[in-house]
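Student: Handing you a structure now.
The values are calculated or read from the model by the stated rules, or taken from the named source; none is laboratory data. What you are looking at is a predicted structure, and each value in this text was computed from that prediction instead of being measured. Neighbour counts run over all protein chains shown; Cβ positions are idealised from the backbone, glycine included. The accessibility values were calculated without ligands, DNA or RNA, using every heavy atom of the protein model including side chains. Shrake-Rupley method; radii C 1.70, N 1.55, O 1.52, S 1.80 Å.
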Amino acid sequence: MWRNKPRIRHFCNLCELQKFMAVKMKNNSVLNEFILLGLTNSWELEILFFVIFFLAYTSIMAGNSLIILMVIFDSHLRSTPMYFLLANLSFLDMTLSTVTVPKMITDFLRDRKTISLWGCMAQMFLVHLLGGSEMSLLVVMAVDRYVAICKPLHYTTIMNHRILLGSVFISWVIGFVHTMSQMAFVVTLPFCGPNVIDDVFCDLPLVMNLACTDTYILDLLVIADSGLLSLICFLLLLISYVVILLTVHRRSSGGLSKALSTLSAHITVVTLFFGPLILIYAWPVSSYTLDKFLSVFFSVVTPLLNPIIYSLRNREMKAAMVRLRSRHISSGPPL
């Protein structure tokens, strides 16, 4: 009987291990949602944020839709490569905000802010798809500005319709490869423990921290994929601007101010877009408050400022607004 004690103890340990694995598998199957903490716990502030974010989202949709409609219906803008790319940028901004902002707005009116597991995965997939596509499109827009400023006589020949369509298609492909290279690993992670995300929407680093496994290698992949890609693209864009300005300065010192005026809108948009991405993925930031601010800035402020920067400071866009309004008034029913 005493000889069988180790065997009995081993059998009991095996039973305990099986029970633990059963509980773990049960937890894995039960966990089907995440809880978002949002921006604040104050009901008064949530009502205030609801109004602010609702107005911001309405402005985002209206401003970017106006840019797209003007490019579609105005023949001059439609035939200019820069505005074709700008219309695609507006579409990406609208879609990116739609993925995150409506959920944020409705959550301000809820006590318990939840999102399903697959809803969270879909949100992360779309955010990185659209973000990667917009990142690539901004690089294409920088190339467009280089050709327009440094090779003005060959601008329409180089930036022809075929090149533009191919560039937009490639930007979407880059966005798809960018998000799939991360999400292919994230969707297989087991989630069996805590399910609280201290942010306004699902983001890769925060969601991966909740996985019931070691994600060190996956963390490095996300940093290399999102952080380094954002940082490298941002540096390449800055280098392209320096090359443009030096080229213009060599040709004519008086043309430098004109080139700066032409590039100022694009440089502002690039800084607003890449700044939060670099801080979130490539900078060692550990403050949840700052992460929330950057998430809101990326999904709300940048898409809101893009149409303001490109429309209010652009003479051709203002002229197109006047032409569109006059055409609408002249085609209206007689009094």
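Student: Can you tell me which residues in region 240-283 are surrounded by 17 or more Cβ atoms within 10 Å (Cβ to Cβ), farther than 26 Å from S226 by Cα and at pLDDT 75 or above?
Tutor: I244, V248 - these are the residues of region 240-283 that are surrounded by 17 or more Cβ atoms within 10 Å (Cβ to Cβ), farther than 26 Å from S226 by Cα and at pLDDT 75 or above.
Student: Quick check on my filter: what residues within region 116-128 are open to solvent by 20 Å² or more (accessible area, probe 1.4 Å) and either in contact with a Ser or Thr (Cβ under 6 Å, 6 or more places away or on another chain) or not polar (S, T, N, Q) (or both)?
Tutor: Initially, region 116-128 is screened for residues open to solvent by 20 Å² or more (accessible area, probe 1.4 Å), giving 116-119, 122, 125-126.
Matches in region 116-128: L117, W118, G119, A122, F125, L126.
Student: Quick check: anything in region 83-94 under 28 Å from S42 (Cβ atoms) and part of a helix (DSSP H, G or I)? Don't jump to the end; show me each part of the working.
Tutor: Going residue by residue through region 83-94, those that are under 28 Å from S42 (Cβ atoms) are none.
No, the conditions are met nowhere in region 83-94.
Student: Oh, and also: For S167, state whether it is among the small types (G, A, S) and either under 15 Å from the mean Cα position of the chain (by Cα) or surrounded by 15 or more Cβ atoms within 10 Å (Cβ to Cβ) (or both). Outline the logic, then answer.
Tutor: Numbers: among the small types (G, A, S): yes; either under 15 Å from the mean Cα position of the chain (by Cα) or surrounded by 15 or more Cβ atoms within 10 Å (Cβ to Cβ) (or both): yes.
Yes, satisfied.
Per-residue answers, yes or no, for (1) surrounded by 16 or more Cβ atoms within 10 Å (Cβ to Cβ); (2) within 17 Å of the chain's Cα centre (by Cα):
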residue	(1), (2)
S79	no, no
T95	yes, yes
M104	yes, yes
R110	no, no
L137	yes, yes
Y155	yes, no
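Student: Here's another thing I want to ask about it. Applying the selection to region 181-212, what residues are touching a Phe, Trp or Tyr at 6+ places or on another chain (Cβ under 8 Å) and part of a helix (DSSP H, G or I)?
Tutor: Hits for region 181-212 are M183, P205, V207.
Student: Then there's this: Could you list, in sequence order, all residues of region 32-51 that are within 23 Å of the chain's Cα centre (by Cα), in a helix (DSSP H, G or I) and in contact (Cβ under 8 Å) with a residue 24 or more places away in the chain?
Tutor: F49, F50
Student: Looking only at region 99-125, which residues are in contact (Cβ under 8 Å) with a residue 12 or more places away in the chain and over 15 Å from V207 (Cα atoms)?
Tutor: Those that are in contact (Cβ under 8 Å) with a residue 12 or more places away in the chain and over 15 Å from V207 (Cα atoms): V99, T100, V101, P102, K103, M104, I105, D107, F108, L109, R112, K113.
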